[in-house]
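What follows is a single structure, written as structure tokens, with notes after it.
The values are calculated or read from the model by the stated rules, or taken from the named source; none is laboratory data. Remember, it's a predicted structure, so these values are computed and weren't measured experimentally. No Cβ is skipped: glycine too gets one built from the backbone with ideal geometry, and neighbour counts run over all protein chains shown. Accessible surface areas use protein heavy atoms only, side chains included; no ligands, DNA or RNA. Shrake-Rupley method; radii C 1.70, N 1.55, O 1.52, S 1.80 Å.
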Amino acid sequence: MWKTILIGSAVAVGGILAYKLLQRRKPKVLPLGQGWWGKGTKPMSEDDQIYPFRIQTSDEEIEDLHARIDRTRYADSLEESTFQYGFNSTYLKRVVSYWRNEFDWRKQVDVLNNYPHFKTKIEGLDVHFVHVRPPPSKNQKIIPLMLVHGWPGSFYEFYKILPLLTQNHDGFAFEVICPSIPGYGYSEAPYKKGFDSLAAARIFLTLMERLGFDKFYLQGGDWGSLITTNMAQMKPDCVKGLHVNMIMVARGFKQLLSIIIGPYLPFLVGLTREDVRRLFPFFQKNVVEILKESGYMHIQATKPDTAGCAVNDSPVGLAAYILEKFSTWTDRKYRDLADGGLERKYSLEDLLTNIMIYWTTGCITSSMRFYKENLQRDPDSREDALIGVTVPTGLAAFPGELLHTPKSWGESRYSNIYSYTYMQRGGHFAAFEEPQLLADDIVRFVKKVEKL
């Protein structure tokens with residue numbers, strides 16, 4: 001066995017050296033490109049003004065929701081099936097009863113409007129965003145920060161972290177911009193094929209420029225992690241720092257060596273004891289578990305309009321489809337609970353507010369298409385996968401994330417890592433679930449970059 005390990009070690013060292021040589025040859029900047037996603041042909045000019053926006057509702061909207069809920073036809077759950085078969089319909093009835101009889105959408109609309117909302121036209125689409133400035137304070141440095149959500153989340157995921165970021169942090173505070181990805185929530189959906197993370201990144205860079213920011217920080221999870229990474233690749237001179245809580249890297253030779261040697265000699269391939277605990281047994285945690293949790297992705301990456309047609313027509317179907325992710329992606333052990341552990345970390349009011357953003361805007365199908373547009377090509381051969389990220393980077397590894405990425409793997413994409421944190425607790429929806437932990441990590445990262 002030792003002979004095998006020693007041979008593997010020699011191969012590992014050689015492979016890492018070869019990998020670093022290849023890294024040096026990578027181009028430094030991702031081309032911005034251009035696009036037009038509006039209806040018809042691109043006009044000669046486009047309105048570049050920013051307009052205030054308020055979320056509204058109506059009696060008709062609420063009455064239609066209630067009527068559809070009242071006509072729901074449920075399927076009976078299997079005995080003792082908990083959440084192993086998906087959203088348990090026995091518990092679903094309890095959630096829907098709260099939704100129908102206690103949830104106050106008008107009140108939640110007021111909550112959503114507590115922060116200023118805006119829209120502006122970029123590449124043919126009305127782009128929605130929330131813009132929150134910190135309270136005035138003497139001698140306070142203002143640092144612009146964009147937060148980008150993913151699926152099946154929304155800008156609302158950030159509502160609990162916003163006051164934590166905009167407060168004073170020993171002389172500085174964040175001015176926060178939270179956009180909705182086009183096709184999500186109150187941002188207009190693309191009318192043309194091909195709208196991927198690169199297009200979203202370019203649009204959000206235009207948004208920051210339009211707001212007057214030439215230097216800023218970025219933070220994202222899920223698709224937001226990829227979009228903000230692409231933004232840093234496109235305009236590294238503008239991005240002072242990038243912080244992500246879902247670390248997406250290509251799985252190549254370096255990772256293969258880590259998988260083979262890591263359980264025995266982790267230090268040789270840059271793994272810590274905590275990495276070993278989170279990664280292994282590798283097949284169970286990174287193959288079996290992902291197969292269990294990625295069925296939705298295969299549907300959305302191939303035929304999103306087919307599944308979207310169903311969940312766009314049924315509010316209860318939409319809730320079951322989305323809320324199941326807030327159970328399992330928060331903690332996979334929640335599959336063994338009859339209620340999916342949903343209310344252990346979230347309130348039904350907050351969960352249903354996110355559902356209502358999808359329901360009232362009818363955006364579920366367009367949000368699902370984002371998978372097809374991004375996964376039509378091999379992600380590891382896309383142009384952004386061949387370019388490293390050189391801006392200062394902070395990586396937050398939450399223990400409940402779908403996949404764990406060690407720092408040594410992160411270095412294959414992010415060459416300037418200022419901080420890597422093993423977060424104490426939390427899963428995929430970091431800002432929604434653990435706003436204080438995430439805010440603290442962002443602040444620590446920015447202090448390191450700013451030398452504060």
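At 1.4 Å probe size, with every protein chain present, just tell me what the per residue accessible area of the range 225-302 comes to in Å².
Heavy-atom SASA per residue in the range 225-302 reads 44 Å².
Between D214 and D104, what FRET efficiency follows from the Cβ-Cβ distance if R0 is 35 Å, with the result rounded to 0.05?
Rounded to the nearest 0.05, the efficiency is 0.25.
Would you please name the chymotrypsin sites (Phe, Trp or Tyr not before Pro) within the range 80-189 that are DSSP coil residues with at most 13 other C-beta atoms within 10 Å of their C-beta?
Taking the range 80-189 and a limit of 13 other Cβ atoms within 10 Å, the loop chymotrypsin sites (Phe, Trp or Tyr not before Pro) found are Y85.
Per the 1.4 Å probe, what fraction of the accessible area of the chain, in percent, lies on carbon and sulfur atoms?
Heavy-atom surface of the chain belonging to carbon and sulfur, 1.4 Å probe: 54 percent.
Which shape class applies to the range 297-382: rounded if a/c is under 1.5, otherwise prolate when a/b exceeds b/c and oblate if not, where a ≥ b ≥ c are the square roots of the Cα gyration tensor eigenvalues?
Oblate shape, in that a/c is at least 1.5 and b/c is the bigger or equal ratio.
Taking trypsin sites (Lys or Arg not before Pro) as candidate sites, keep only those in a DSSP loop with at most 15 other Cβ atoms within 10 Å, then name the longest stretch of the chain containing none of them.
252-376
Under the 0.36 nm per residue contour assumption, what length would be gained going from the current alpha-carbon distance of Q167 and T57 to full extension?
So the chain would gain 36.5 nm between Q167 and T57.
Based on the Cβ-Cβ distance from V111 to L256, what FRET efficiency comes out when R0 is 51 Å, to the nearest 0.05?
0.60
Treating cross-link reach as a plain straight distance, find the aspartates and glutamates whose alpha-carbon is under 18 Å from the alpha-carbon of K325, omitting any fewer than eight places away in the same chain.
Candidates past the 8-residue exclusion: E157, D222, E289, E293, D336, D339, E343, E349, D350, E401, E433, E434.
Starting from the 7 Å offset along Cα-to-Cβ, what nm value, one decimal, do you get for the label separation of K193 and N139?
Once both label points are built, they end up 6.0 nm from each other.
If you take the beta carbon distance between K93 and F282 as r and set R0 to 35 Å, what does 1/(1 + (r/R0)^6) give as a FRET efficiency, to the nearest 0.05?
0.35
Tell me the mean residue ellipticity at 222 nm calculated for the chain from its helices only (DSSP H runs of n ≥ 4, each -39500 (n - 2.57), averaged over every residue, nearest 500).
When only DSSP H runs of four or more count, the value is -12500 deg cm²/dmol.
Can you tell me how much longer the chain between R68 and K333 gets when fully stretched, taken as 0.36 nm per residue apart minus their C-alpha distance, in nm with one decimal?
Gain on stretching R68 to K333: 92.2 nm.
Return the whole-Å distance between the Cα centroid of the range 119-195 and the Cα centroid of the range 335-378.
The two parts, judged by their Cα centres, are 19 Å apart.
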